[in-house]
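> Here it is, the structure, as structure tokens.
The values are calculated or read from the model by the stated rules, or taken from the named source; none is laboratory data. Not measured: the values here are computed from a predicted model. Ideal geometry is used to build each Cβ from the backbone, glycine not excepted, and the neighbour counts take in all protein chains shown. To get the accessible areas, we keep the full protein, side chains included, count just its heavy atoms, and leave off ligands, DNA and RNA. Shrake-Rupley method; radii C 1.70, N 1.55, O 1.52, S 1.80 Å.
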Amino acid sequence: MPKKQIVTVGSAAPNANLSAATRFGNLVFVAGQTGRNPATGETGKDIREQTRNILERIKEILGAAGTSLDNVLTATTYLTNVSNLAAYNEEYAKFFPTSKPARTTVTVASLNNPELLIEITVTACIPD
């Protein structure tokens, strides 16, 4: 039986409250990522920038786990404003031009910071 493994990314100190991702067998479960720039930690100025920041971070996390965006099976997105849906969809399509994952998108009242407009979590596989 496989064991759960914690996926660590780069040299950043781990957050005591969560893991960037966990791996179980050939599945990788990425924690919800927000619109902060992966390198600077600054929040993106709009939905497009925040979406790019998130998907770049997810790409980095999946790489550390031994997989890629090509192997994302599901994505769940939380938007704080439904009027951002079209711009989000345009940015999302740049990262998933073909073989799009199954996706759920919901509108929520807020995230843990009023500047955050979006949060995305994904599940991916590691192909044999």
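> Once R0 is set to 22 Å, what does the formula 1/(1 + (r/R0)^6) return for the Cβ-Cβ distance between Thr107 and Asp46, expressed as a FRET efficiency to the nearest 0.05?
Numbers: r = 17 Å, r/R0 = 0.77.
It comes out at approximately 0.85.
> Could you tell me whether segment 71-122 comes out rounded, prolate or oblate from its Cα gyration tensor? Rule is a ≥ b ≥ c as square roots of the eigenvalues, rounded for a/c under 1.5, then prolate if a/b exceeds b/c, otherwise oblate.
Values: a/c = 2.37, a/b = 1.70, b/c = 1.39.
Prolate, because a/c is 1.5 or more and a/b exceeds b/c.
> Say R0 is 22 Å: what FRET efficiency, to the nearest 0.05, do Ala93 and Asn17 get from their beta-carbon distance? Display every interim value, and only then the final one.
On the way: r = 32 Å, r/R0 = 1.48.
The value I calculate is 0.10.
> Another one. Within the chain, how many lysine pairs that are 8 or more places apart, or on different chains, have C-alpha atoms less than 22 Å apart?
Numbers: Lys4/Lys59; Lys45/Lys59; Lys45/Lys94; Lys59/Lys94; Lys59/Lys100.
Within the chain, the lysine pair count is 5.
> Once neighbouring chains are kept in place and the probe is 1.4 Å, which whole percent of the accessible area of the chain is contributed by carbon and sulfur? Present the calculation step by step, with values, prior to reporting the outcome.
Details: 3760 of 7280 Å².
Carbon with sulfur: 52 percent of the solvent-accessible area.
> Radius of gyration and Dmax for segment 33-110's Cα atoms, expressed in Å?
12.3, 35
> Right, next: Note down the magnitude of the dipole of the chain about its Cα centre, charges +1 on Lys and Arg C-beta and -1 on Asp and Glu C-beta and zero elsewhere, to the nearest 20 debye.
The calculation lands at about 280 debye.
> Can you give the net charge of the other residues whose Cβ lies under 12 Å from the Cβ of Tyr92, counting K and R as +1 and D and E as -1? Don't skip to the answer; put the middle values down first.
Numbers: positive: Arg48, Arg52, Lys94, Lys100, Arg103; negative: Glu90, Glu91.
In short, +3.
> Under 10 Å, Cα contacts only: if you run a Gaussian network model on the chain, which one of Pro101, Pro38, Pro114 comes out with the highest mean-square fluctuation?
For the chain, modelled as a Gaussian network with Cα springs under 10 Å, the answer is Pro114.
> Could you work out the relative contact order of the chain? I mean the mean sequence separation of Cα pairs under 8 Å and 6+ apart, divided by the number of residues, in percent.
Computed value for the chain: 31 percent relative contact order.
> Which whole number of Å³ per residue matches the convex hull of the alpha-carbon atoms in segment 1-79? Write down the numbers at each step before the final one.
Values: hull volume 8.5 nm³, N = 79.
Spread over its residues, the Cα hull of segment 1-79 gives 108 Å³ apiece.
> Let me have the 222 nm mean residue ellipticity of the chain computed from DSSP H runs of 4+ only, each contributing -39500 (n - 2.57), with the sum over all residues rounded to the nearest 500.
Working: 2 runs with 30 residues, N = 128.
That comes out to -7500 deg cm²/dmol.
> First check a/c for segment 46-91, with a ≥ b ≥ c the square roots of the eigenvalues of its C-alpha gyration tensor; if it is under 1.5, answer rounded, and if not, answer prolate when a/b is larger than b/c or oblate otherwise.
Details: a/c = 2.75, a/b = 2.05, b/c = 1.34.
Note, shape of segment 46-91 comes out prolate.
> Largest first, how would Glu56, Glu91, Glu119 line up by accessible area (1.4 Å probe)?
Details: Glu56 85, Glu91 5, Glu119 45 Å².
Greatest to least solvent exposure: Glu56, Glu119, Glu91.
> Which ³J(HN,Hα) values, rounded to whole Hz and listed in residue order, are derived for segment 49-60 from phi using the Karplus coefficients 6.51, -1.76 and 1.60 in 6.51 cos²θ - 1.76 cosθ + 1.60 with θ = phi - 60°, glycine and proline given as x?
Result, rounded to whole Hz: 5, 5, 5, 4, 4, 4, 5, 5, 5, 4, 4, 5.
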